[in-house]
Amino acid sequence: MTLEPLSLRDLVFAAAAGTAIAAACGLRAFLPLLALSLGVHLGLLHVDHAGAWIGSTAAMVTLLWATVLELAADKVPALDHMLDAIATVLRPLAAGIAGWCTFVGVHPALGVAAAVFLGAGAMGLHVAKAKVRIGSSMLTLGTANPMLSFVEDGLATGLSAMAVLAPVAALVTVGLLLWGLYRLVRRRRS
């Protein structure tokens, strides 16, 4: 069985969506995968044939429940620290899955390389977010953490929705966020 080749536009959109969803996985593990699942189910995104399972009804229901549990647990200070420890493994893995699924039409080795690279990027974002949470916990005794959680929810939701509906704009947004983070870190060091 041969698959019809994808156009360059489809390849770019798929890669942009995968990159943006993987970046959102640095903030939330399941919400971006739920967006990917919905996008695939509704035919808005193309994924590798082997990753088509992500658009199944079973995957959507599972990801919906996991998202609700993750969002709720992140609002409780004691649970949010435990969740961050678990997410150290979970978020890069989720980003890797998103990258692997969406880098369709390329050599499988490139898909795996993208998954590893995007997983590492999500890990970096997760570590940066965890440092902000630790600082917030120390300064406010954890009282500001639920507010930070809502901001993270908004960023992850917005980026995930953009990845499905406007992948190239989402990729540009990821670039701008990384540039802003780089400038902030550089300013703090000097």
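The values are calculated or read from the model by the stated rules, or taken from the named source; none is laboratory data. Model, not experiment: these values are computed from the prediction. Note that each Cβ is placed from the backbone with ideal geometry, even for glycine, and that neighbours are counted across all protein chains shown. Accessible surface areas use protein heavy atoms only, side chains included; no ligands, DNA or RNA. Shrake-Rupley method; radii C 1.70, N 1.55, O 1.52, S 1.80 Å.
A straight line joining the Cα centroids of the range 12-26 and the range 110-156 runs 16 Å. Length gained on full extension, LEU64 to ALA144: 26.2 nm, using 0.36 nm per residue less the C-alpha separation. Spin-label model, ARG188/LEU79: points 7 Å from Cα along the beta carbon direction are separated by 2.8 nm.
A 1.4 Å probe, protein heavy atoms only, puts the accessible area of TRP53 near 120 Å². Rounded to the nearest Hz, the phi-derived 3J(HN,Hα) couplings of the range 92-101 under the Karplus curve 6.51 cos²θ - 1.76 cosθ + 1.60 (θ = phi - 60°) are x, 5, 4, 5, x, 4, 4, x, 4, 5, where x marks glycine and proline. Using the Karplus relation 6.51 cos²θ - 1.76 cosθ + 1.60 with θ = phi - 60°, the per-residue 3J(HN,Hα) values for the range 18-32 come to x, 5, 5, 5, 4, 5, 5, 5, x, 9, 9, 7, 9, 4, x Hz, with x marking Gly and Pro. By its C-alpha gyration tensor, with a ≥ b ≥ c as the square roots of the eigenvalues, how is the range 134-190 shaped: rounded for a/c under 1.5, else prolate for a/b larger than b/c, else oblate? Cα axes put the range 134-190 in the oblate bin.
Against the criterion of solvent-accessible heavy-atom surface with a 1.4 angstrom probe, THR102, THR62 sort, most first, into THR62, THR102. Applied to the range 47-53, the Karplus parametrisation 6.51 cos²θ - 1.76 cosθ + 1.60 on θ = phi - 60° returns per-residue 3J(HN,Hα) values of 10, 4, 3, 5, x, 5, 4 Hz, with x for Gly and Pro.
Pairs of Cα atoms nearer than 8 Å and 6+ residues apart set the relative contact order; for the chain it is 34 percent. Name the residue from LEU125, PHE103, LEU8 whose Cα lies farthest towards the positive end of the charge dipole of the chain, charges +1 on Cβ of Lys and Arg and -1 on Cβ of Asp and Glu. Working it through, the farthest residue towards the positive pole turns out to be LEU125.
With a ≥ b ≥ c taken as the square roots of the eigenvalues of the C-alpha gyration tensor of the range 25-112, please select rounded if a/c is under 1.5 and otherwise prolate if a/b is larger than b/c or oblate if it is not? Oblate, because a/c is 1.5 or more while a/b does not exceed b/c. Accessible surface calculations at 1.4 Å, restricted to protein heavy atoms, place the chain at 55 Å² per residue. Helix 57-73 and the longest principal axis of the Cα set of the chain meet at an angle near 10°.
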